Amino acid sequence: MPDQSEQFQARVEELVAQFEDEIDRSEWTTRRYPKRFRDADCGIREIPALFLQKGTVRLLLDPIGYDIPGAEGLADIYLMPAYDPQASIYFEEGRWRIHYAFPADPVETRSKFETRSLPVEGASINQILDSIAEHAIP
């Protein structure tokens, strides 16, 4: 049976591959970069991080770890170059879910954001990335 760090490594590989497969290639370009992390046994592992770019907007899908309260894994999406966190992706109950605060329509609500948790799939990946790009100030 694989240990937690091996499971996390496999889950991140699947997550990055899913982003690469599901994003709108006419809008976004991607590039993988190796990220080193230390597991519980103090061993060093390499997992992929994914750089995404649409025009001047640059994002990084950055795996964080597997020892997360309430989840079995975490990756964040940052706006580059400032590492401004935009969305978090948690591995919960056997699947990845994206947590993102969508900017709300100011006419329809008094709140500035509407926070949602969506499954990691093509429509939600593109919806969130496009929302980040639309509201980003690079």
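Nothing in this text is a laboratory measurement; each read-out follows from the coordinates by a stated rule. Just so it is clear, the structure is predicted and the values come from calculations on it, not from any experiment. Cβ: placed from backbone, ideal geometry, glycine included. Neighbour counts: every protein chain shown.
With a 10 Å cut-off between alpha carbons and a GNM built on the chain, which of Ser26, Ser88, Ser117 moves the most?
Highest fluctuation of the listed residues: Ser26.
Neighbour counts of other C-beta atoms within 10 Å: give me His99, His135 arranged from fewest to most.
Lowest to highest Cβ neighbour count: His135, His99.
On a 0 to 90 degree scale, rounded to 10, what angle separates helix 4-22 from the longest Cα axis of the chain?
In the chain, helix 4-22 runs at an angle near 40 degrees to the longest axis.
Kindly express, to the nearest 10 degrees and within the range 0 to 90, the angle between helix 122-135's C-alpha long axis and the longest C-alpha principal axis of the chain.
The angle comes out at about 60 degrees.
Using Cβ counts within 10 Å as a stand-in for footprinting exposure, how do Ile68, Ile125, Ile23, Ile137 rank, fewest first?
Ile137, Ile68, Ile23, Ile125
Run the helix sum for the chain: -39,500 (n - 2.57) per DSSP H stretch of 4+ residues, divided by residue count, reported at 222 nm to the nearest 500 deg cm²/dmol.
Taken over the chain, the calculation gives -8000 deg cm²/dmol.
Fewest first, what order do Phe37, Phe113, Phe19 take by the number of other Cβ atoms within 10 Å?
Phe113, Phe37, Phe19
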